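Below: the structure, in structure tokens.
The values are calculated or read from the model by the stated rules, or taken from the named source; none is laboratory data. Quantities reported herein were computed from a predicted structural model and do not represent experimental measurements. No Cβ is skipped: glycine too gets one built from the backbone with ideal geometry, and neighbour counts run over all protein chains shown. Keep in mind that these areas ignore ligands, DNA and RNA; they rest on the heavy atoms of the full protein, side chains included. Shrake-Rupley method; radii C 1.70, N 1.55, O 1.52, S 1.80 Å.
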Amino acid sequence: MVKVSVIIPTYNRGHLVKKALESVYRQTWKDYEIIVVDDGSTDNTMEILKEECLKNPKIKYVRHKVNKGVSAARNTGILHSSGEFIAFLDSDDKWLPSKLNEQMRIFWSYDGKIGLVYTGCKLRRADGRFVDVIPKYEGYVFDKLPNRNFIPCSSVVVPKKIIDEVGLFDERLVVHQDYDMW
């Protein structure tokens, strides 16, 4: 097994971040570390995360003194990571238990010749119903990205060497930082 660094940026999500963490704990793929970057929260996020760190040695907690934005938080997580692969999980999202295992299986089946694996997701609508978002594309998708971003950030696993090659998230962008990265 190869270590996956799970990067969780969070800001004032003390009421949600624990559910995101629990979805990582339930992964069938067990070779991971979790880097939670608290982007200057002013709620109880810090207290909740310090408590989680005491319970789980796989968690690294990093705190920005001031809010710098999600790109800076993701970049801080990447810089603190030690895994061969990076997975992104927003603090208000959750993963299904086999997510990492399935994605790592895909990496192995292509002998390291792919740069990113993403999945579909379920979105909860305002009325509480879930909508499945199924990936429309597989294989070489770069030529389809200029039309729109169809890759949910919380679904991505990417080899760290690829991020080292292309660079970190652009912290100047207020929106669509993930789109720019893909």
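Annotations
- First in segment 45-58 and farther than 16 Å from Tyr32 by Cα, second anywhere and assigned to a helix (DSSP H, G or I) and not aliphatic (A, V, I, L, M), Cβ under 8 Å, 6 or more apart: Ile48/Lys18
- Residues being open to solvent by 10 Å² or more (accessible area, probe 1.4 Å) and either acidic (Asp, Glu) or within 12 Å of the chain's Cα centre (by Cα) (or both) - total across segment 10-22: 1
- Of all residues in segment 133-182, exactly one satisfies the criterion of being acidic (Asp, Glu), within 26 Å of Leu21 (Cβ to Cβ) and part of a helix (DSSP H, G or I), namely Asp178.
- Residues of segment 46-64 include at least one that is closer than 22 Å to Asp164 by Cα, open to solvent by 20 Å² or more (accessible area, probe 1.4 Å) and hydrophobic (A, V, I, L, M, F, W, C).
- Unmet criterion (only one of (1) closer than 26 Å to Asn75 by Cα; (2) in contact with a Phe, Trp or Tyr (Cβ under 7 Å, 6 or more places away or on another chain)) for Arg124: (1)
- Which listed residue is among the hydrophobic types (A, V, I, L, M, F, W, C), in contact (Cβ under 8 Å) with a residue 24 or more places away in the chain, open to solvent by less than 40 Å² (accessible area, probe 1.4 Å) and in contact with a strand residue (DSSP E or B) (Cβ under 9 Å, 6 or more places away or on another chain), from Leu116, Leu100: Leu100
- Residues of segment 155-176 that are in contact with a Lys or Arg (Cβ under 9 Å, 6 or more places away or on another chain) and open to solvent by 20 Å² or more (accessible area, probe 1.4 Å): Leu168, Glu171.
- Test: residue in segment 132-150 that is within 13 Å of the chain's Cα centre (by Cα), open to solvent by less than 20 Å² (accessible area, probe 1.4 Å) and either among the aliphatic types (A, V, I, L, M) or at pLDDT below 90 (or both): no
- Test: residue in segment 68-90 that is among the acidic types (Asp, Glu), buried (at least 19 other Cβ atoms within 10 Å of the Cβ) and under 15 Å from Val156 (Cα atoms): yes
- Of everything listed in (1) assigned to a loop (DSSP other than H, G, I, E, B); (2) open to solvent by 50 Å² or more (accessible area, probe 1.4 Å); (3) of a type in the set (D, E, K, R), the single unmet condition for Lys122 is (1).
- Of the residues Tyr32, Tyr25, the single one that is under 19 Å from Val156 (Cα atoms), within 15 Å of the chain's Cα centre (by Cα) and open to solvent by less than 20 Å² (accessible area, probe 1.4 Å) is Tyr32.
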